[in-house]
Structures are given as structure tokens and as C-alpha cells.
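What follows is a single structure, written as C-alpha cells, with notes after it.
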Amino acid sequence: MEDWSRYEPKFRYMMLSRMKQDCDYYFGNGGRNPKILWAGDEKSQLENMVALWKTFDPEDRPEWMTWADIIGYANKMGLKPESVIPNYVTYFRKNREDDE
């Protein structure tokens, strides 16, 4: 997995946006073909999205990609969130409150 923290914030925003667009296409016209995802498979895509999202301070996180959105993508892809998100339960509780 990429070390996203070494990149400038602007690039990280653009990359997260690209990954979100890939997911949206995957569920629509992409016919759930994992080859159209930036990472090439669902699990790696979500792992990288989580890693990217975590590089932002809470006040700098994009409004167009919340923690709940990431969990929703994982669920929709048939992945258990705990399989792609380290310390999922603890992190979910903390960030659910941040999203509200």
C-alpha cells in the first residue's frame, strides 16, 4: 500500500476523489469489474482510500467523502469493514461522532 502521507494535501484530495469516482463507476457502468478500480481490486481500493482519508486532520477531511461513505463502499462491495480497516470498531465509533 502507498504511503499517502508523503504527498501534498492537494494531490491527496485529487487521489481520493479519483478513487471515489472509480468506485461510483464500478457500481454503475463499470459492471462491478475490479479492473476499473485504481488499485485493481476491491480490498486494495478500500484499504488505500482508508489510508488516504486518515492522512487528513479531522477539520481538513473532504465533505464529499465521509467515514460513513467509506464504510458504505466496503459494505456495497461485499467486504467486511474490519477486513480493510485496522481497528475498525474503535475507529468507527470515534469518526461516526466526527461525521455527525
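Listing for the model above:
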quantity: As computed over the chain, the Cα convex hull volume per residue (Å³); calculated: 94
quantity: Violating pairs (Cα-Cα greater than 19 angstrom) within the set K10/K35; K20/K54; K20/K43; K54/K76; K10/K43; calculated: K10/K35; K54/K76; K10/K43
quantity: Local electrostatic count, S5, Cβ distance below 10 Å [Lys/Arg +1, Asp/Glu -1]; calculated: +1
quantity: Alpha-carbon Rg with Dmax, taken over the stretch 30-69, Å; calculated: 11.8, 35
quantity: Surface accessible to a 1.4 Å probe, per residue, for the residues of the chain, Å²; calculated: 60
quantity: Relative contact order (%) - criterion: Cα under 8 Å, at least six apart; region: the chain; calculated: 25
quantity: The chain, accessible surface, carbon-and-sulfur percent (1.4 angstrom probe); calculated: 47
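The values are calculated or read from the model by the stated rules, or taken from the named source; none is laboratory data. This is a predicted model, so every value here is computed, not measured. When we count neighbours, we look across all protein chains shown, and the Cβ atoms used for this are built from the backbone with ideal geometry, even at glycine. For accessibility, only protein heavy atoms count, side chains too; no ligands or nucleic acids. Shrake-Rupley method; radii C 1.70, N 1.55, O 1.52, S 1.80 Å.
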